[in-house]
Amino acid sequence: MANENVHVLNEVDFDSMVRRRSGPVLVDFTAAWCGPCKALSPIIARIANETLGHVLVASVDVDANPNLAAEFRIRGMPTLVVFQDGREIARRTGLTNVEGIRALLEPALAWRGAVA
């Protein structure tokens, strides 16, 4: 993704950026060949900009990181997974819009008083 606020993760840095991180993280499991993933990319960038300082927004290429894809049972793409303090708390598979992602993030943001 071509946005400085969307962190591209791999199997090496996933632990430090997601599992051991306090606070909410939105991970977009994606693939370069996936049409709906490409359509979601600018929406993810918008959410990253809107939630900067409240949510870490990241992207994982499932083809380059098959162990992560298997571990999180990614069966369709795009799949968005919300982590709170290293634990998965919400998930959505398929193309969505800004409102859908905001709703997905709501439980993670509500306790912080942050508004997406």
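What follows is calculated from the coordinates using simple rules that are stated; it is not laboratory data. Bear in mind that the values here come from a model prediction, so they are computed numbers and not experimental data. Glycine gets a Cβ as well: all are built from the backbone with ideal geometry, and neighbour counts include every protein chain shown.
What the table shows:
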{"read-out": "Neighbourhood charge, 15 Å Cβ-Cβ cut-off, centred on Pro66 and excluding it, Lys, Arg +1 and Asp, Glu -1", "value": "-2"}
{"read-out": "Protection proxy ranking, peptides 51-58, 18-25, 78-85, 32-39, average beta carbon neighbours within 10 Å, highest first", "value": "78-85, 51-58, 18-25, 32-39"}
{"read-out": "Max mean-square fluctuation residue, GNM over the chain, Cα-Cα springs under 10 Å, options Arg87, Arg75, Arg102", "value": "Arg75"}
{"read-out": "Residue with peak Gaussian network fluctuation, the chain [Cα springs, cutoff 10 Å], from Val60, Val27, Val12", "value": "Val12"}
{"read-out": "11 Å beta-carbon shell around Glu11, net charge (K/R +1, D/E -1)", "value": "-4"}
{"read-out": "Fraction of beta bridges assigned by DSSP in the chain that are antiparallel (%, nearest 5)", "value": "55 percent"}
{"read-out": "Answer label, with Kirkwood radius over Cα pairs in Å calculated from the coordinates and candidates (1) 14.4; (2) 15.9; (3) 13.8", "value": "(3)"}
{"read-out": "Ile89 long-range amide H proximity, modeled H, under 5 Å", "value": "Val82, Phe83, Gln84"}
{"read-out": "The stretch 47-116: relative contact order as a whole-number percent, Cα under 8 Å and 6+ apart", "value": "29 percent"}
{"read-out": "Mean residue ellipticity (222 nm) of the chain, computed from DSSP H runs ≥ 4 via -39,500 (n - 2.57), nearest 500", "value": "-9500 deg cm²/dmol"}
